[in-house]
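Shown next, in structure tokens, is the structure this report addresses.
The values are calculated or read from the model by the stated rules, or taken from the named source; none is laboratory data. Predicted model only: the values in this text are computed from it and were never measured. We place every Cβ from the backbone using ideal geometry, glycine too, and count neighbours over all the protein chains shown.
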Amino acid sequence: MIRDANILDFADGFLIHACDSASAIGELPLDELKVPFSLVAKYTLRTALMEVISLGAKPLSASAGFSNDPEYSQSAIEFLMSFLEKMNVPLVISTEKNFETSQSGLSVSVVGFAKDIKVGNAPEGVSVYVAGSPKVGDEVVEEKEKILSFDDFLKLRAQKDIGEMIPVGSSGIFEEAKLLAQNSGLEIELEMDNTSIHKSAGPSTCVVFWAMKKPSLNIPIQKIGTLRKKQHANR
């Protein structure tokens, strides 16, 4: 079982710990991509939350570490606090108070708990889908309508017919789909002929998942392929 999270097995369930980071994105002189720092906080937090929730866990606590001073970080801090307050998730924060910085940096960590985790257990022949589109860099701002929203992600996770779900990051759709198959001892028979399956999805702008049937939600969803038994090479 491989995921971008620590999964700790306890007698009464599983503790899930995930994190994400971003650098050189913000409003400082040496930032490569100039966007509001609060937007950086939004996507960094969402990535960590999606990893925890996708596994079937309820977020319990979050932390944010800033490589910048409190004044510059304030807008991002306010966003994180407001967003997490709505989820009843406490937040602990650390900022840089000793040195002046010229480039933005942020890391967010989320801890959650689940009685059972949604990993593996896919039956042979089940379909694999992707919701949302892979976007990175400027595209996250300029093509945000093609990104899977956090609310739509929650709707997907609530569907009983959906099994394991993996947020897609820099490795791309195809690599995450292979991981999805691997966690169930299967392999992916690819049906999606599109160069975007190898493209980075940046801050988890899409998710892959297996499902017994295509979800009937008003969300752009494409079939990637089918999970099959592994073909053993002839000896």
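If the condition is being of a type in the set (A, V, I, L, M), surrounded by fewer than 18 Cβ atoms within 10 Å (Cβ to Cβ) and in contact (Cβ under 8 Å) with a residue 40 or more places away in the chain, then region 59-113 contributes only L60.
This table checks each residue for (1) outside the structural domain of A48 (by TED's automatic domain parsing); (2) within 18 Å of I117 (Cα to Cα); (3) in contact with a strand residue (DSSP E or B) (Cβ under 6 Å, 6 or more places away or on another chain); (4) part of a helix (DSSP H, G or I).
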{"site": "E139", "(1), (2), (3), (4)": "yes, no, no, yes"}
{"site": "E145", "(1), (2), (3), (4)": "yes, no, no, yes"}
{"site": "S204", "(1), (2), (3), (4)": "yes, no, yes, no"}
{"site": "K214", "(1), (2), (3), (4)": "yes, no, no, no"}
{"site": "G225", "(1), (2), (3), (4)": "yes, no, yes, no"}
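Would you confirm, using the coordinates I've provided, whether S133 is closer than 22 Å to P220 by Cβ, of a type outside the set (A, V, I, L, M) and either crowded, with 17+ Cβ neighbours inside 10 Å or modelled with pLDDT of 95 or more (or both)? So S133 passes the test. Restricting attention to region 1-42, which residues are surrounded by 15 or more Cβ atoms within 10 Å (Cβ to Cβ), modelled with pLDDT of 95 or more and acidic (D, E)? Across region 1-42, the qualifying residues are D20, E27, D31. In region 36-52, the condition of being part of a strand (DSSP E or B), of a type in the set (A, V, I, L, M) and in contact (Cβ under 8 Å) with a residue 40 or more places away in the chain is met by no residue. Within region 185-196, restricting attention to residues that are outside any loop (DSSP other than H, G, I, E, B) and in contact (Cβ under 8 Å) with a residue 40 or more places away in the chain, the residue that is surrounded by the fewest Cβ atoms within 10 Å (Cβ to Cβ) is S196. Does F99 qualify as being farther than 19 Å from D152 by Cβ, modelled with pLDDT of 95 or more, aromatic (F, W, Y) and touching a helix residue (DSSP H, G or I) at 6+ places or on another chain (Cβ under 6 Å)? Taking the combined requirement at face value, the residue does not satisfy it. Within region 214-232, being in contact (Cβ under 8 Å) with a residue 24 or more places away in the chain and of a type in the set (S, T, N, Q) holds for Q222, T226, Q231. When region 63-117 is filtered for residues that are among the aliphatic types (A, V, I, L, M), more than 30 Å from L180 (Cα to Cα) and not in a helix (DSSP H, G or I), the ones remaining, listed by number, are L91, V92, I93. Restricting L80, L45 to those that are under 30 Å from G120 (Cβ atoms), at pLDDT 95 or above and touching a strand residue (DSSP E or B) at 6+ places or on another chain (Cβ under 6 Å) reduces the list to L45. One residue stands out in region 1-27 among those that are in a loop (DSSP other than H, G, I, E, B) and in contact with a helix residue (DSSP H, G or I) (Cβ under 7 Å, 6 or more places away or on another chain): the one that is farthest from F113 (Cα to Cα), namely E27.
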